[in-house]
Amino acid sequence: MKLDRGGKCVFANSLIVFQQILVMFLIMLLGYYLFRKKVFTNQTTKSLSELLNRYVMPCTLVRSFQREFDSALAKEFGITLVCAALVFVICIFLAKWIYRPERAKNYADRRVCLNLTNDGFMALPLLSAMFGSDGVFLGAAHICCMTIMLWTYSVYQLSHGREKMTVKNAVFNNPGLLAAIAGILLFLSPVKLPSVIYTAIDLTGDMNTPMAMICLGCFLAQVNLRECFLDGALWRLSLLRLLVVPAITMVLLFFAPIGDTAALVLLVGVAAPCAIACAMFSQVYGADYLFATRAIALTTLLSVVTLPGLIAVMEAVLRLRA
């Protein structure tokens, strides 16, 4: 799939992303307000995150696959999946090289924050605004890789090797991957979901953006933003997460046999801020979850500027490739 090179504004997608991020931040402010006023508590936020990860986001993925089989789209999905996997492999080696045990006690949290992005909560709403259901469909490729990373690599790192990387964690404890697999089977099959079931899934999936932003707002309300902006380690992590890794990805995508739309979709997933799951899993395994929470807060705030800017650069690069 190619970008429209006719009358469409060169920075159209970056403008869409900027506007969508502003909308999302307004909803985040609601979450921030509700937590500060004690309408929502830590338990509420935890329950919302659980609901999103296990039920709402999987519904968003499944509904994007409810379409007639298209060989061209299937090919783009496969290429996007391979490119996403390569980016994660690069991130693993980069994190291991930069964040070593002898340099920082919370090296595991830093490695995980560098690898995991908020592609389910932040990227999916943006992809839906930019490319509609096609964007969510292709974005599922990055989510597949990310959820495998979450339940294997991240668990292993944050538990300091106590929890092993198993097939059970990678697949059967992984609602995002299970939803993607179910969706792919639907996409390949001539049989689609009945109208009543699809409508229920569709309506549940519609909750993804507002619920995710309220949840993010609750997380932001729990950190001292002044401390975030004064922490040099967080700024270095943000530089790597929001600029260096996306820049490496852009070089990879420039030479990869991937369509323009798929390239932008993958970039949005890679350039998203740190995943909320970084703090959730860090707390579960007794790591430095406060650092992870601050990393989520700072990268989320900075992404208002970096995400639209990176998309504008990527669109310009793709036009050079044509």
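Between Arg162 and Val82, the distance separating the two model label sites (each 7 Å from Cα on the Cα→Cβ line) works out to 4.0 nm.
Screening the chain for DSSP H helices whose Cα atoms reach 27 Å or more along their own axis and whose mean Kyte hydropathy is at least 0.0 gives 12-36, 71-98, 289-321. Going by accessible surface with a 1.4 Å probe and the largest first, Arg294, Arg36 read Arg36, Arg294. With a 1.4 Å probe rolled over the protein heavy atoms of all chains, the accessible area of His142, His160 falls in the order His160, His142, largest first. If one computes the Cα centroid of region 7-72 and of region 218-234, what distance in Å separates the two points? If you average the Cα positions of each part, the centres end up 22 Å apart.
Label sites at Ala12 and Thr41, each approximated as a point 7 angstrom past Cα along Cα to Cβ, lie 4.9 nm apart. Cα centroids of region 81-130 and region 257-322: 8 Å apart. When you count the other C-beta atoms within 10 angstrom of each residue and take the mean per peptide, 72-78, 300-306 line up highest first as 300-306, 72-78. Between Phe93 and Val196, full extension at 0.36 nm per residue minus the direct alpha carbon distance yields a gain of 32.5 nm.
The values are calculated or read from the model by the stated rules, or taken from the named source; none is laboratory data. Everything numeric here is computed off the predicted structure, so don't read it as measured data. Glycine also receives a Cβ, built like all others from the backbone with ideal geometry; neighbour counts cover every protein chain displayed. Surface accessibility is based on the protein's heavy atoms, side chains included, excluding ligands, DNA and RNA. Shrake-Rupley method; radii C 1.70, N 1.55, O 1.52, S 1.80 Å.
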